[in-house]
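Notes to accompany the following structure.
The values are calculated or read from the model by the stated rules, or taken from the named source; none is laboratory data. Owing to the predicted nature of the structure, the values given are computational and were not obtained by experimental measurement. A quick note on method: Cβ atoms are made from the backbone with ideal geometry, for glycine too, and the neighbour counts reach across all protein chains shown. The protein model used for the area step is the full one, side chains on, heavy atoms only, and it has no ligands, DNA or RNA in it. Shrake-Rupley method; radii C 1.70, N 1.55, O 1.52, S 1.80 Å.
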Amino acid sequence: VQLQASGGGLVQPGGSLRLSCAASGSVTSIIRMAWHRQAPGKQRELVAGITSGRSADYVDSVKGRFTISRDSAKNAVYLQMDSLKPEDTAVYYCQLLATGFRSYWGQGTQVTVSS
């Protein structure tokens with residue numbers, strides 16, 4: 001299974017970006033898909049996750065600004081990021097969790113929020 005993330009870039013504060021992540025290969029029994037991020041000098045943190053039943057959760061710092069969604073037919077997950085702040089600057093990674101404790105990670109996409 002391979003995850004391909006895209007959609008990062010440079011945006012001004014207050015702007016928006018939409019990250020996409022698509023899984024390829026033999027993908028079965030997906031439990032949850034999620035986005036994590038890692039800023040320079042900081043630990044990787046969970047930003048948002050969504051279960052197979054479309055139940056979503058967010059870290060407090062992005063609630064009301066970010067929206068996670070998924071397309072089960074495409075084995076894809078998206079992160080709509082609005083009202084971006086400089087502190088959102090990080091490398092964003094997508095993750096897929098499947099039954100049998102299987103965990104897969106994408107390669108990361110850089111998001112930079114700066115004027």
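Of all residues assigned to region 66-74, none qualifies as being open to solvent by 50 Å² or more (accessible area, probe 1.4 Å), touching a strand residue (DSSP E or B) at 6+ places or on another chain (Cβ under 7 Å) and part of a loop (DSSP other than H, G, I, E, B).
For region 88-115, a residue qualifies if it is part of a loop (DSSP other than H, G, I, E, B) and either of a type in the set (Val, Ile, Thr) or over 21 Å from Gly41 (Cβ atoms) (or both), and the qualifying residues are Thr89, Thr99, Gly100, Phe101, Ser115. Counting only residues that are open to solvent by less than 70 Å² (accessible area, probe 1.4 Å), more than 12 Å from the chain's Cα centre (by Cα) and at pLDDT 95 or above, region 9-39 holds 7 of them. Inside region 49-65, residues that are over 23 Å from Ser29 (Cα atoms) and out of contact with any Asp or Glu (no Cβ under 7 Å at 6 or more places or on another chain) make up a count of 5. Is region 40-63 home to any residue that is open to solvent by less than 40 Å² (accessible area, probe 1.4 Å), outside any strand (DSSP E or B) and of a type outside the set (Val, Ile, Thr)? For region 40-63, residues open to solvent by less than 40 Å² (accessible area, probe 1.4 Å), outside any strand (DSSP E or B) and of a type outside the set (Val, Ile, Thr): absent.
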